[in-house]
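Just below is one structure, and these are the notes that go with it.
The values are calculated or read from the model by the stated rules, or taken from the named source; none is laboratory data. These numbers come from a predicted model, not from an experiment. Heads up, the Cβs are rebuilt from the backbone with ideal geometry, glycines too, and the neighbour counts pull from every protein chain shown. Just so you know, the surface numbers come from the protein's heavy atoms only, side chains and all, with ligands and any DNA or RNA stripped out. Shrake-Rupley method; radii C 1.70, N 1.55, O 1.52, S 1.80 Å.
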Amino acid sequence: MKQFNLNRPSAPSKAWRGRWPGAWALVVVCGLSACSALNPRQHDDIRLVTEVEAFPCQRLGTTSVTVWAGVGPVARVSEAVEENLLIEARRQAFRLGGNALVSGASPQLGQRSFEVYRCP
């Protein structure tokens, strides 16, 4: 009859013991890189227009966009937040098939609604 020692660690656990800190570091780096995932040149053909310019266009809908504006007492520069809002709104307009955006209300920094239009 074969006896098993349950108090002794198995070989695979020894092999992975030193690798976990590196794996967690990789997860943290990948997670933080998602903050810089906004490509400012993506969907540049979707333009920001006024309500008057959008009058002859077909209205496709409204989208509400939210981006990170700060954590606690640390706030981002409002121009950078507005730029990120426009980038994300262009992505949403692309998904709806639009090529023009009209900026709407902003209840607070980091949030804004946009109307999406398809113009000739």
Among VAL81, VAL71, which is over 13 Å from ARG47 (Cβ atoms), open to solvent by less than 20 Å² (accessible area, probe 1.4 Å) and either at pLDDT 90 or above or β-branched (Val, Ile, Thr) (or both)? VAL81
Failed condition for GLY61, given (1) outside any loop (DSSP other than H, G, I, E, B); (2) at pLDDT below 95, with all others met? (2)
Top-ranked residue in the stretch 94-120 [being in a loop (DSSP other than H, G, I, E, B) and among the small types (Gly, Ala, Ser); ranked as surrounded by the fewest Cβ atoms within 10 Å (Cβ to Cβ)]: ALA105
Sort out which residues of the stretch 64-87 are touching a Leu at 6+ places or on another chain (Cβ under 8 Å), part of a strand (DSSP E or B), farther than 15 Å from VAL116 by Cβ and among the aliphatic types (A, V, I, L, M), and write them in order of number. ALA75
Considering only residues that are within 15 Å of the chain's Cα centre (by Cα) and touching a residue at least 12 places away in the same chain (Cβ under 8 Å), which ones fall in the stretch 62-81? THR63, SER64, VAL65, THR66, VAL67, TRP68, ALA69, GLY70, VAL81
